[in-house]
Structure formats: C-alpha cells, structure tokens
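The values are calculated or read from the model by the stated rules, or taken from the named source; none is laboratory data. Since the structure is predicted, the reported quantities are computational estimates derived from the model, not experimental observations. Heads up, the Cβs are rebuilt from the backbone with ideal geometry, glycines too, and the neighbour counts pull from every protein chain shown.
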Amino acid sequence: MDRERGHLPRDVSLASSSLNWVKLVGLGNLSVGKTCLIKHFCESKFSSGYQPTVGVDYGFKIQNVAGLDLRVHLWDLSGGAEFLDVRNELYGETDAIFIVFDVTNKSSFDAAEAWLREISKYGPPNAFVYLVGNKSDLKSKRILSAAEAKKWATRQQMTYFETSCLNGDGVESMFSSILEAIAKQRGLV
Ligand SMILES: Nc1nc2c(ncn2[C@@H]2O[C@H](COP(=O)(O)OP(=O)(O)O)[C@@H](O)[C@H]2O)c(=O)[nH]1
Ligand SMILES: [Mg+2]
C-alpha cells in the first residue's frame, strides 16, 4: 500500500486497545456446570474444544455495563488436573475467576478450597475471585444451604452467587456483578 503516514484517521492498534477487553475464567470440578454457565451467558457465541490435549471451552459476548461495551472472553478449563499444563496460558491477563461447585455435590464444594490454593499459587495476583453454587434448581438434592456456602465464601473474602443453568436463575446477575466490579476497578464507570 502506498498510503502516506497519518492518512488513516486513527491508528488501528490504538483503536483496538481503546476497546474494553475483559477475560473471565471458570474453575471447578468436572460436571459442576462451568460450560453451561458460559453457554448460557454467551448464547450463540460459544465454541467447544474438547480435544484431549486442550480441554477448554470458550465463549465471547459484548456486554453493556453502565453504557459501556465490554468485550468479554470466557474460558472454561476442563476440571481434570491433567490439563494444568495450560494454566499459564489460561491465567494470563485474567480479570476475574469464578470457582463453581454443584450444590448437590459435597466433594465439589470441598474442592473449592483446593481451587483457591491453585489460584493463589499459579493464578493472576490481582484477579477478582468469586464462588458460584450452581444447579440451585435441584432443591430436593441439595447437600448445602446457600447460607452455609455464603458463610464459607465470606470467610475466604469471596462474594457468593447462586445460579441455575436449567432455569437461568442468577446467571445474568452474577456475570453483571462481576463485570461491573471490573469496570469500576478500571475506573471506567
Ligand atoms: N439441573 C441442572 N443441571 C445442570 C446445571 N448446570 C449444568 N447442568 C448439567 O450438569 C452437567 C455438566 O455440565 P457442564 O457445564 O458440562 O459442566 P463442566 O464440566 O463444569 O463444564 C450437564 O449434564 C449439564 O446439563 C444446572 O444449573 N441445573
Ligand atoms: Mg466444561
């Protein structure tokens, strides 16, 4: 191209960096509903990558927070420890991590502590961390009350959310709260 310097009204890289990119990562045991949460939030812009060596799901959504468009990438690392090799790749530039457990599965709740340790050891030092109790629709199968989960989360200095991917309860409000916190921290709103 023989375009002269300064011909473009705006430098492309500048325009791109002025967009508000956000990266969220879902952690938690297998089958707690991380992929469903991301799918639910992103609707159509979701792709599943279940190659054995990668084991990630990915979603993208542009979400408006207080009049501002946030470009949100969401990652769900497979719960399997064999995928921890890709953790550095995954955690880079992460704004917030949500640890998910299944409210009908005690061991998935107990594992939240190990996931917290994983984050403090390998995770991004300044990311927000949240606890999410999913499958709240399965009321008769619950093994843990919302109050108990919240109490534990508060002790770990985490905000607690409860969600159901089946009926959608709490999903939108959980992601909205997380994104609002990120936008505030960046001084955008
Ligand atoms: N009843 C109910 N089932 C759910 C919910 N979320 C996920 N599931 C089911 O739990 C299973 C595992 O979900 P998935 O998102 O793949 O879990 P992941 O391994 O954490 O990504 C699937 O069969 C989902 O249909 C929920 O909120 N309620
Ligand atoms: Mg998954």
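Counting only residues that are farther than 20 Å from K151 by Cα and either in a strand (DSSP E or B) or hydroxyl-bearing (S, T, Y) (or both), the range 121-136 holds 1 of them. Looking only at the range 26-60, residues that are assigned to a strand (DSSP E or B) and at pLDDT 90 or above come to 4 in all. Of all residues in the range 109-126, those being of a type outside the set (D, E, K, R) and in contact (Cβ under 8 Å) with a residue 40 or more places away in the chain number 6. One residue stands out among those in the range 156-176 that are surrounded by 14 or more Cβ atoms within 10 Å (Cβ to Cβ) and among the small types (G, A, S): the one that is nearest to ligand 1 (Cβ to nearest atom), which is S164. Annotation for the range 9-23: no member residue is surrounded by 11 or more Cβ atoms within 10 Å (Cβ to Cβ), at positive phi and modelled with pLDDT of 60 or more.
Looking at (1) more than 9 Å from ligand 2 (Cβ to nearest atom); (2) at pLDDT below 95, which is the only condition S78 fails? Result: S78 passes all but (1). Looking across the range 81-105, the residues that are surrounded by fewer than 21 Cβ atoms within 10 Å (Cβ to Cβ), at pLDDT 85 or above and within 16 Å of ligand 1 (Cβ to nearest atom) come down to T104, N105. Filtering the range 18-27 to residues that are more than 9 Å from ligand 2 (Cβ to nearest atom) and under 18 Å from G123 (Cβ atoms) leaves V22, K23, L24, V25, L27. Close contacts from the range 88-101, counting a first residue that is over 16 Å from R71 (Cα atoms) and in contact (Cβ under 8 Å) with a residue 40 or more places away in the chain and a second that is outside any strand (DSSP E or B) and among the basic types (K, R), with Cβ to Cβ under 8 Å and a gap of 6+ residues or different chains, come to V100/K34.
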